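Worksheet: the structure to be examined is printed underneath.
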Amino acid sequence: MSESYLSIRRLHQVFGDFVALRDISLDIREGEFVCFLGPSGCGKTTLLRAVAGLQLQTGGDIFQAGQRISWLPPEQRDFGIVFQSYALFPNLNVADNIAYGLRNRRTGRSEVRARVAELLELIGLPDAGKKYPSQLSGGQQQRVALARAIATRPGLLLLDEPLSALDARVRVHLRHEIKELQRRLGVTTIMVTHDQEEALAMADRIVVMNHGCIEQVGTPQQIYAEPASAFVASFVGTMNFLPAIRIGEGRVRIGERTLNCRTLSPHGNGEVRVAIRPEDVRTRYNGDASNLISARVRGLEFLGAFVRSELEIDGVDEPLVADFSANDVRDLGIEAGNVLNLDLPAQRLHLFEH
Ligand code: ATP
C-alpha cells in the first residue's frame, strides 16, 4: 500500500437488496488523474460518494495518505469536490464562493484575499470576484466551482461529471483547462464520467466499471488497445464482433477462412467472438498474407478524413465495419459492390469467449 495515496479495499455497497458496488479494490497514486468510466447505473457516482464520505459504505475500507478514513464524516476528510450542477451559493459573489472553505477554517483576511486573487487568476477570471454566479456562463461557473474546490489545497480533488451540463464546445475547452490545472497543481484527482472521449483525453488511468464491478484499470492506451473484456471493448470506441470458432492455439475460423490471432485463453476449442476495430482493418498489406479475408463492400460513407465502409464476409451474418483512409478509397477505386482482400492483422484481433 506504500505507493498509493488513496487505497480502496473490498468496498461493498448495498441499497436494500440491490448491490451497487461489489468488493471494489483500487489504488490511486499521488498526483494521478483517474477517471471512473461506465454506463449509467454502474456505480461510479456511488464509489466517488463513498470516497467523499457522502454515503457510508456497507463494507470495506478506504485509506488516504496512509490514514483509514472509512468512517470519517465528510468534513473531516481532505478533499474538494465539484458537481455536475455548479452548486455555487447564488447569494454569494464569486470571491466569497471561492473563500467559503478558507473562512470555515478561520483563515486570516489578508491570506483569504491573496488566495482568492491567486485562484481567480488561475481559472482565467481575474476580474470576476464581485460578480454573482447568475452573471456567469455555465463554463465560468464551473471554473469558479473548481477554484472553490481547490482553495484549501485539498489532498484529493473529486469531480462528479463536471462537464456534462456544458455545451460541446465549452466542454472540450474546459477539459483541457482542468487537465492542465491538475497537472500544474499535482493534486490527486478522481473524475466520474460516462463520456469515453472525456476519459480517454483526460485520465492518466481509467477505471472501467459495469454492474458495480471494475472491469479494467489501465491507461487510456491500454483500455483502447487491450480491452480486458467484451464489455470494455464495446463500451470504449467502436468495435466489430464477429462470430468465430477457435480451432487451436492461435487459430480461429471466421466464415470460410482460418486466421491467425495473438491472444488466446489457455484451453479448448469452440465458439468465440473475434473483435477488431474499424481502423485496424487494412486494405493494404505487406508481406504476411495469412490473415487475408475477402469481403464485399455493401456501402461507403464519406466522413472527411476517412471513409466508413460496411462489408460482408462470406458465411458470416454480422457485417464488418472498416474505416479506410479517404486517400486509399480514391487510389484503389473502392466502391460499393467490390470484393476486397482485407488484412485483419493477427496482433489486432481480440478474442472473447462471451
Ligand atoms: P449515473 O451516471 O446514471 O449517475 P452511476 O454509475 O453514477 O450512474 P450510481 O449513481 O453510482 O450510478 O448508482 C448505481 C446504482 O445504485 C443505481 O442503480 C442507483 O439507482 C442505485 N443507487 C444509488 N444511490 C442509491 C440510494 N441512495 N438508494 C438506493 N439506490 C441507490
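Every read-out reported here was derived from the displayed coordinates using simple, explicitly stated rules and does not represent laboratory data. It should be emphasised that the depicted structure is a prediction, and the values quoted were computed from it without experimental measurement. Here the Cβ is made from the backbone with ideal geometry for all residues, glycine too, and neighbour counts use every protein chain on show.
Observations on the model:
- The trypsin sites (Lys or Arg not before Pro) found in the stretch 63-160 that occupy coil by DSSP, while having at most 14 further C-beta atoms within 10 Å, are Arg105, Arg106, Lys130.
- With R₀ fixed at 22 Å, the C-beta to C-beta distance from Trp71 to Arg10 puts the FRET efficiency at about 0.90.
- Take the Cα of Val170, step 7 Å toward its Cβ, do the same at Asp195, and the gap between the two points is 1.2 nm.
- Its relative contact order, with pairs defined as Cα atoms under 8 Å and 6+ residues apart, puts the stretch 13-118 at 16 percent.
- Order of Val172, Val144 under a 10 Å beta carbon neighbour criterion, fewest first: Val172, Val144
- The length gained on full extension between Gln221 and Phe89, counted as 0.36 nm times the residue separation minus their Cα-Cα distance, comes to 43.6 nm.
- Between 0 and 90 degrees, the angle of helix 94-104 with respect to the longest Cα principal axis of the chain falls at about 70 degrees.
- Computed FRET value (nearest 0.05) for Arg296 with Ile245, which takes r as the C-beta separation and R₀ as 22 Å: 0.50
- Whether the stretch 83-127 is rounded, prolate or oblate, judged on the alpha carbon gyration tensor where a/c under 1.5 counts as rounded: oblate
- C-alpha long axis of helix 109-122 to longest principal axis of the chain, angle in °: 20 degrees
- Stretchable slack from Arg106 to Asp61, in nm (0.36 nm times residue separation minus alpha-carbon distance): 13.1 nm
- By DSSP, the beta bridges lying fully in the chain are antiparallel in about 75 percent of cases.
- Between His211 and Glu318, the FRET efficiency estimated from the beta carbon spacing at R0 = 35 angstrom works out to 0.90.
- Cα-based helix-to-principal-axis angle, 138-150 vs the chain, degrees rounded to 10: 70 degrees
- Electrostatic dipole magnitude of the chain [Cβ: Lys, Arg +1; Asp, Glu -1; Cα centre; debye, to 20]: 1420 debye
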